[in-house]
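So the structure is just underneath, and the comments pick up after that.
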Amino acid sequence: MMMMKHSLLRTGSRSLGGGLWRSLSQQRNHTVSNQEIQHFDALAKTWWDWDGESRLLHLMNPTRIDFMSQIVRQKTPFAGKQILDVGCGGGILSESMARLGANVTGIDASKKALEVARDHSEKDPSLCGRLEYIHGPIEQQNFKKQFDIVTCMEVVEHVTDPRGFLESLMDLVKPNGYLMLSTISRTLMARFLTIFLAERVLGIVPNGTHNYEKYIRPEELTEFFREHQWKINDVRGVMYHPLESKWVLAKPGDQCLPPLCNYIASAQKP
Ligand SMILES: CC(C)=CCC/C(C)=C/CC/C(C)=C/CC/C(C)=C/CC/C(C)=C/CC/C(C)=C/CC/C(C)=C/CC/C(C)=C/CC/C(C)=C/CC/C(C)=C/Cc1cc(C(=O)O)cc(O)c1O
Ligand SMILES: C[S@@+](CC[C@H](N)C(=O)[O-])C[C@H]1O[C@@H](n2cnc3c(N)ncnc32)[C@H](O)[C@@H]1O
Ligand SMILES: [Mg+2]
C-alpha cells in the first residue's frame, strides 16, 4: 500500500534512535491538546450512560478484552497483571481489567473524566485496592515501576506529538511486556465513516470528536515500533455494525489489506 507522505509518526527532520534526539531533548514534548480535553470534559457526566454519548466505547469494550486475551494467550490473561490504562477516560476498560484480576492504574488528562471514573469505581467494593486513577499528562509522571501491559484505546488520535506520547508509554512497559492500542487509520474510508457518517449523519459519535489529519495508518504505527526494535504481535481491524450495535474483531490473518478504518494493535518490548 502506498505510504502516505505526511505522517505524525514519521521522523521528519528529527534524527530518531535514542541517541542524538534523546540527548538533545531529555524533556518530552507536551502531548495534551486543551481543545481535545475540553471535548472529553464535556462528555464526562454521561460517560457511564450506556446509551449516552460514549455508547460506542462501551460497545467496543468486549472486543478489546477479546483481542488482549488472544494476544496474552494465558488461561487468566489479566490475573495479577500490572496494567497502565493511558487515556482511561471514565474507566470503562480500566474497570473491566481490574474485575478480571489485574492491578490497574488509569491515567487521563481530563480531570472531569477522572472524577467520573473515581465516583463510578467507588460504587464497586470489588475494585477497592485494584484500581487507582491519576490525573495528568503521561510525560510529566514519574512512575517508580514498569507495567506488564500498557493500554491506550482510542487515545493516540487525540494527542499532540504522538511519537513522543507513544515513546513515553513504551518506556513504562516491562521487558517482554505489551503495549496495546486502538485507533483509526488515515484513509478516505475512515474519514467518510468515522466523521461524515458517524458524527454528522448517524450522530453515533459526538460531533467534533475526530480530526482526520491526526489519524495514524497501521503501517506507520508498525514502522514506528520496528524502528524501536519492538515485535508486532498483531494488527486487526475492528468494524462497528451500527444496525446490530456491536463491534466485530477481524479474525487473525483475515485481511489481505491493512485495516482501512478502526483497528487495534499489540506490540511487545524486547
Ligand atoms: C469532510 C468529510 C468528512 C468528507 C467525507 C470524507 C470524504 C472526502 C469522503 C469521500 C467519499 C469517498 C471517496 C468515500 C470512500 C470510502 C468508502 C468506499 C465508503 C463506503 C463505505 C460504506 C459502508 C458506506 C455506507 C454508505 C451509507 C450512507 C450507508 C448508510 C447505511 C448505514 C447505517 C451504514 C453504516 C456504515 C458504517 C459501517 C458505520 C460505522 C461508523 C463508524 C466506523 C463508527 C466508529 C466511530 C468511532 C471512531 C468510534 C471510536 C470512538 C468513539 C468515541 C465516543 O465518544 O463514542 C470517541 C472516540 O475518540 C473514538 O475513537
Ligand atoms: C475516546 S476517549 C477513550 C477513553 C478510553 N480509553 C476508552 O476507550 O474507553 C479518549 C481519552 O483520552 C484522553 N486524552 C486525550 N489526550 C490525552 C493525553 N495527551 N494524555 C492523557 N489522556 C489523554 C481524553 O481525555 C479521553 O478521556
Ligand atoms: Mg477517537
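Using Cβ contacts closer than 10 Å as the measure, can you line up PHE67, PHE143 from fewest to most? Mind dumping the intermediate values first?
Values: PHE67 21, PHE143 13.
Result, fewest neighbours first: PHE143, PHE67.
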### Task
Only Cα pairs under 8 Å and at least 6 apart count here; give the relative contact order of segment 164-270 as a rounded whole percent.
39
## Note on the structure
Residue-ordered couplings for segment 95-102, obtained by feeding phi - 60° into the Karplus form 6.51 cos²θ - 1.76 cosθ + 1.60 and rounding to whole Hz (Gly and Pro as x), are 5, 4, 5, 5, 5, 8, x, 7
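Based on other C-beta atoms within 10 Å, arrange GLU227, GLU244 from fewest to most.
Numbers: GLU227 14, GLU244 9.
The fewest-first ordering by Cβ neighbours comes to GLU244, GLU227.
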### Message
Apply the a/c threshold of 1.5 to the C-alpha gyration tensor of the chain and tell me whether it is rounded, prolate or oblate.
### Response
rounded
### Message
Give me the net charge for the shell around VAL104: Cβ to Cβ below 12 angstrom, other residues only, Lys and Arg +1, Asp and Glu -1.
### Response
-1
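Using 0.36 nm per residue of separation minus the Cα-Cα distance, give me the extension gain between LYS45 and HIS228 in nm, one decimal.
Taking LYS45 through HIS228 to full extension adds about 62.0 nm, to one decimal.
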#### Entry: When the convex hull of its Cα atoms is projected in every direction, mean area for segment 127-270 (nm²)
10.3
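Please compute the net charge surrounding THR46, taking Lys and Arg as +1 and Asp and Glu as -1 over other residues with Cβ under 15 Å from its Cβ.
On the way: positive: LYS45, ARG55, LYS112; negative: ASP41, ASP49, ASP51, GLU53, GLU115, ASP119.
Local charge sum for THR46: -3.
Find the Rg to Rh ratio for segment 34-93, where Rh is the Kirkwood radius over alpha-carbon pairs and Rg uses the same atoms. Before the final figure, lay out the partial values.
Values: Rg = 13.9 Å, Rh = 13.2 Å.
Rg/Rh for segment 34-93 comes to 1.05.
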### Query
Do you know the Lys pair count in segment 46-151 for C-alpha distances under 20 Å, with sequence separation 8 or more or different chains?
4
### Task
Could you tally the net charge around LEU188, taking each other residue with its Cβ under 14 Å from the Cβ of LEU188, Lys/Arg +1 and Asp/Glu -1?
+2
### Query
Along segment 169-184, what does the Karplus equation 6.51 cos²θ - 1.76 cosθ + 1.60 (θ = phi - 60°) give for ³J(HN,Hα), rounded to whole Hz, x for Gly and Pro?
5, 4, 4, 8, 8, 5, x, 6, x, 10, 10, 10, 9, 10, 7, 10
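Where a number appears in this text, it was derived from the coordinates with a stated rule and is not lab data. Note that the structure is a prediction, hence the values are computed from the model and not measured. Positions of Cβ are generated from backbone atoms using ideal geometry, with glycine treated the same way; all protein chains shown enter the neighbour counts.
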